[in-house]
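Data block below; observations after.
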Amino acid sequence: MITEDFTLANKLFAIVDEGIVDGYDFFSYKIDIGDGYIDAVLTVENEGVITTDAKRDINNAEVFGIIMKFKGNSISRGDNWRTLIISYRHGEQVELNFN
């Protein structure tokens, strides 16, 4: 991961972390990229309850901009992923996977 990607990952993490309204123990944010759109699913675990319907305040336009920058960076390196998953459990490291 290049330096700019690290900065983008931090921004994406901050948006999701701050956007989960009722707190969490774990989250996974899966973003599928299509032609001109993204489809995102946020899975949240809080006190043992897992849901994809957690109350959130996430700026989708800002997420889209970050994802398009990630995608542009990866294409310039010869990578062509269609799915990005960022996940985090309190006390552990943030994981970022590209498929």
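Just so you know, all these numbers are worked out from the coordinates, no wet-lab data involved. Everything quoted here is computed from the prediction, not taken from an experiment. Cβ: placed from backbone, ideal geometry, glycine included. Neighbour counts: every protein chain shown.
At a Förster distance of 25 Å, what's the computed FRET efficiency of ARG89 paired with TYR37, Cβ-Cβ distance as r, to 0.05? Intermediate values should be presented prior to the final figure.
Numbers: r = 29 Å, r/R0 = 1.16.
With R0 = 25 Å, the Cβ-Cβ based efficiency is 0.30.
For the chain, the longest principal axis of the Cα atoms and the long axis of helix 60-76 meet at an angle of about 40 degrees.
In terms of overall dimensions, region 40-79 has a Cα radius of gyration and Dmax of 14.5, 41 angstrom.
Here the label points at ASP25 and GLU4, each 7 Å from Cα along the C-beta direction, are separated by 4.0 nm in the simple model.
Structure remark: mean-square fluctuation, Gaussian network model of the chain, C-alpha springs under 10 Å; the largest value among ARG89, ARG77, ARG56 belongs to ARG77. Computed from the C-beta positions of ASN73 and ILE50, the FRET efficiency with R₀ = 25 Å rounds to 0.20. Dividing the mean sequence gap of close Cα pairs (under 8 Å, 6+ apart) by how many residues the chain holds gives a relative contact order of 30 percent.
Evaluated at 25 °C with a viscosity of 0.890 mPa s, what Stokes-Einstein diffusion coefficient in µm²/s does the chain have when Rh comes from the Kirkwood expression over alpha-carbon pairs? Please report the intermediate quantities before stating the final value.
Details: Rh = 13.9 Å.
Once the numbers are plugged in, D ends up at 177 µm²/s.
For TRP81 and ASN59, the difference between the fully extended length at 0.36 nm per residue and the C-alpha to C-alpha distance is 5.7 nm. Listed by Cβ neighbour count within 10 Å, with the fewest neighbours leading, THR3, THR51 appear as THR3, THR51. Report note on the peptides 35-46, 8-19: ranked by the mean count of other C-beta atoms within 10 Å, highest first, their order is 8-19, 35-46.
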